[in-house]
Structure formats: C-alpha cells, structure tokens
Amino acid sequence: MAKVELKNISKVYEGNVSAVEDANIVIEDKEFVVLVGPSGCGKSTTLRMVAGLEEITGGELFIDGEKMNDVPPKDRNIAMVFQNYALYPHMSVFENMAFGLRIKKVPKPDIETRVRAVARILDIEKYLTRKPKALSGGQRQRVAVGRAIVRNPKVFLFDEPLSNLDAKLRVQMRVELSKLHADLNATIIYVTHDQVEAMTMADKIVVMKDGLVQQIGAPLFLYNNPCNKFVASFIGSPPMNFLSVKVGEEGGAITLDEGSFKIKAEPGHKEYLASYVGKEVLFGIRPEDLCYSKSGGENGFATKVTVIEPLGADIHLWLSTGAHSIVARTEPHNEFKVGDTANFTAKMEKARYFDKETERAIIPAAKDR
C-alpha cells in the first residue's frame with residue numbers, strides 16, 4: 001500500500017469554474033480516509049484527479065512518493081469502485097473479476113487462485129458462474145469490490161459505492177468494508193455525501209464545501225470540535241441546533257439571551273465569549289445534549305412540541321422556542337403530544353459558539369487550547 005499526498009491541488013473547468021481549490025490532504029499508508037460533503041462540493045472531482053480521470057489544473061499529486069500529475073491512470077496502480085458497479089453484463093462474475101488481470105497478462109493459474117481467494121473473502125464464491133443480471137445489488141457491489149482487490153493495487157478509490165443500496169444493505173456493506181480494510185491493511189480513499197458512512201468507517205474525515213476543504217480530522221474530533229458552522233451542521237445526525245443569542249454579563253457570569261429565555265454559559269467558556277458581550281452569536285447545541293426536565297430549573301427553557309418522530313430506541317422531538325425551531329433526542333419512555341409545553345436544559349459544557357459574520361468557531365479546538 002502507499003501514502004497519498006495532495007499538495008495545493010486545484011481543478012478549474014472551462015469558463016473559469018473552480019471545482020476544487022487549493023486542497024492539501026495527506027492519506028497515510030493503510031489509512032481509511034473519507035471525503036464527505038454535499039453534492040457539488042468537489043469530493044468526487046478530487047477522487048477522479050487521484051485516479052487520473054481528471055486533469056489536475058494546479059498543485060501536485062504524489063502516490064508512494066512519486067509525482068503522478070502526468071502519469072496515465074493505468075500506470076498509477078490504483079483500483080476504483082464506482083457507484084454504478086460498472087460490471088460487464090455479458091461476462092460471468094469470475095470473468096469480471098479476472099478481466100484486469102488478463103489485460104496485465106497474469107498467468108492463468110495465478111488468476112484462478114487470486115479470484116477464488118478474493119471471492120471467498122467476500123462470500124461470493126458460489127456466484128462465480130453467474131452473470132451480473134442474476135445478482136442482487138449487494139452482490140454486484142461485492143463483485144465490483146472483488147475486481148478491485150484482485151489487482152492488489154497501492155490505493156483503493158471508492159466513489160459513493162453504497163448509494164444505490166437499500167438502507168439495511170448499506171449498513172451491512174459498511175461493516176463488511178470496514179472489516180475488509182482491517183484484513184487488507186489497505187490505503188482507501190472513500191467518497192460519500194452520507195456523514196453516517198463517514199463517521200462509522202473513517203480513520204480520518206475530510207469535510208468539503210464549494211470546492212474547499214473545511215476541516216480534516218478523526219470522526220469524533222470533528223464531532224466535538226467543528227471549526228465552523230458548516231462542519232458542525234454536517235457532522236452529526238440529527239444536526240446541531242443553532243440559536244441566535246445576545247451575549248451579556250451578569251454577576252461575573254456570561255449570559256445568553258435568546259429572547260424567550262436567558263441562560264448562563266459554562267464558566268470555562270467565559271474567556272472566549274467575553275469579547276462578544278453586547279453582540280449576537282450563534283449558540284450551537286446538539287440534540288443529544290438537550291435534556292428533558294419536568295420542572296425546568298437552572299438553564300432550563302420552555303418549548304412547544306411541533307413534531308414527534310419515534311425511532312424505537314429514542315425519540316426525535318421537534319420543538320419551537322418561538323424564535324427558533326430545534327430538535328432534541330429523548331428517551332422513549334417520555335410521552336409527548338404535539339402542542340405540549342416541554343422544558344429542556346442544555347448541557348452547557350457541550351455548547352459551541354460561532355461568529356455570526358464569519359461562522360467560525362469562537363472556542364478553539366481542544367488540541368489548540
């Protein structure tokens with residue numbers, strides 16, 4: 001396997017349309033890195049530049065220490081798995097998996113050994129004589145993955161490979177791909193718009209928006225320390241709540257006035273919020289950090305229940321403060337009706353704050369403190 005380095009990589013199309021701008025990303029050897037972001041953010045374009053399917057406009061790409069800007073895709077020793085499987089319909093599963101090896105003139109006995117070994121790993125050995133049309137979506141995806149594995153490439157590239165599968169099968173395939181990464185010790189670059197896939201599979205996540213890399217880090221680090229409002233809203237499900245509040249100071253404590261309620265900030269956050277006294281900021285709190293309280297109490301506030309989403313293990317409760325719509329994750333034994341008044345308290349140590357103009361985080365990431 002190999003280390004992949006993107007240094008100031010850019011992609012500009014005709015008409016001066018910038019798809020990717022000044023991307024600096026390092027994928028370490030044997031690392032599983034996920035590029036995530038909304039449609040049109042540049043993640044697939046970045047992957048295609050690594051594959052050699054898109055010309056690099058600016059910057060340098062290195063694979064295993066070798067500059068790859070002008071190296072043809074076939075000579076980069078990478079394997080790509082696409083969203084639509086891209087299997088040859090007239091070939092059997094065995095022939096699909098063996099095709100790349102035959103092009104490279106690998107001896108027939110070696111092809112037989114490698115294809116059957118990979119088919120065994122992916123549990124598709126019994127389907128080797130079938131054509132793709134006789135397979136389910138999950139089985140076709142396994143074949144596409146197997147075709148990549150048999151080539152023993154330096155880097156695996158996955159372009160939204162699970163998006164065509166149903167919800168249950170996506171969960172199953174996420175687990176299988178994670179196991180496969182552990183078994184192969186492979187370098188994997190994986191593109192998805194699904195932050196759940198990113199959180200559950202990645203060693204490191206690259207969050208992108210409008211062609212720009214927003215933040216890079218381990219899943220839980222990004223979850224706990226988003227650098228801006230976009231990352232905070234994109235990582236986590238349901239997404240973080242944002243309320244516009246006016247920062248004040250009373251009795252040496254920082255207060256946050258939402259209009260319908262006023263609460264106190266965590267004492268440890270005072271040094272970061274002091275310069276915002278008299279100004280408005282965005283108060284961010286995750287649904288799981290809102291706690292139902294029958295009596296309210298300190299830092300409690302009243303809301304009106306607008307929508308109830310029972311999910312079995314918990315309930316997503318959509319609430320209105322009057323000025324804001326927010327969502328809370330509550331335990332299923334709590335019983336609510338639409339229109340009820342429900343009191344909640346926020347875990348203020350978990351709160352995050354963002355500048356209203358720049359949308360940058362006001363409290364620095366933990367590693368920077």
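The values are calculated or read from the model by the stated rules, or taken from the named source; none is laboratory data. Remember, it's a predicted structure, so these values are computed and weren't measured experimentally. We place every Cβ from the backbone using ideal geometry, glycine too, and count neighbours over all the protein chains shown. Surface accessibility is based on the protein's heavy atoms, side chains included, excluding ligands, DNA and RNA. Shrake-Rupley method; radii C 1.70, N 1.55, O 1.52, S 1.80 Å.
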>> Which of the numbered conditions does THR306 fail, given that it passes all the others? Conditions: (1) open to solvent by 20 Å² or more (accessible area, probe 1.4 Å); (2) modelled with pLDDT under 95; (3) polar (S, T, N, Q); (4) not in a loop (DSSP other than H, G, I, E, B).
In response: (2)
> Given the range 194-234, what helices (runs of 4 or more DSSP H) lie entirely inside it while holding 1 or more residues that are open to solvent by 40 Å² or more (accessible area, probe 1.4 Å) and touching a residue at least 60 places away in the same chain (Cβ under 8 Å)?
Replying inline: 219-224, 229-234
> Can you name the residue in the range 266-294 that is acidic (Asp, Glu) and assigned to a helix (DSSP H, G or I) and is also surrounded by the most Cβ atoms within 10 Å (Cβ to Cβ) among such residues?
Replying inline: ASP289
>> For the range 17-59, give me each residue that is open to solvent by less than 70 Å² (accessible area, probe 1.4 Å) and farther than 16 Å from VAL207 by Cβ.
In response: SER18, ALA19, GLU31, MET49, VAL50, ALA51, GLY52, GLU54, ILE56, GLY58, GLY59
> Can we say ILE111 is buried (at least 16 other Cβ atoms within 10 Å of the Cβ), under 22 Å from the mean Cα position of the chain (by Cα), in contact (Cβ under 8 Å) with a residue 12 or more places away in the chain and not in a loop (DSSP other than H, G, I, E, B)?
Replying inline: no
>> I'm told PRO238 meets every condition in (1) touching a strand residue (DSSP E or B) at 6+ places or on another chain (Cβ under 8 Å); (2) at pLDDT 95 or above except one. Can you identify the failing condition by its number?
In response: (2)
>> For a quick check of your reading of the model, give me the residue pairs whose first member lies in the range 170-183 and is at negative phi, whose second is acidic (Asp, Glu) and assigned to a helix (DSSP H, G or I), with beta-carbon atoms closer than 8 Å and at least 6 apart or on different chains.
In response: ARG170/GLU197; ARG174/GLU197
>> So in the range 242-258, with the set limited to residues that are open to solvent by 60 Å² or more (accessible area, probe 1.4 Å) and over 34 Å from the mean Cα position of the chain (by Cα), which one is nearest to LEU282 (Cα to Cα)?
In response: GLU249
> Do any residues in the range 149-168 that are under 19 Å from GLN139 (Cβ atoms) have Cβ atoms under 6 Å from those of residues that are among the charged types (D, E, K, R) and open to solvent by 10 Å² or more (accessible area, probe 1.4 Å), where the two are at least six apart or on different chains, and which pairs are they?
Replying inline: VAL150/ARG114; LEU162/ARG170
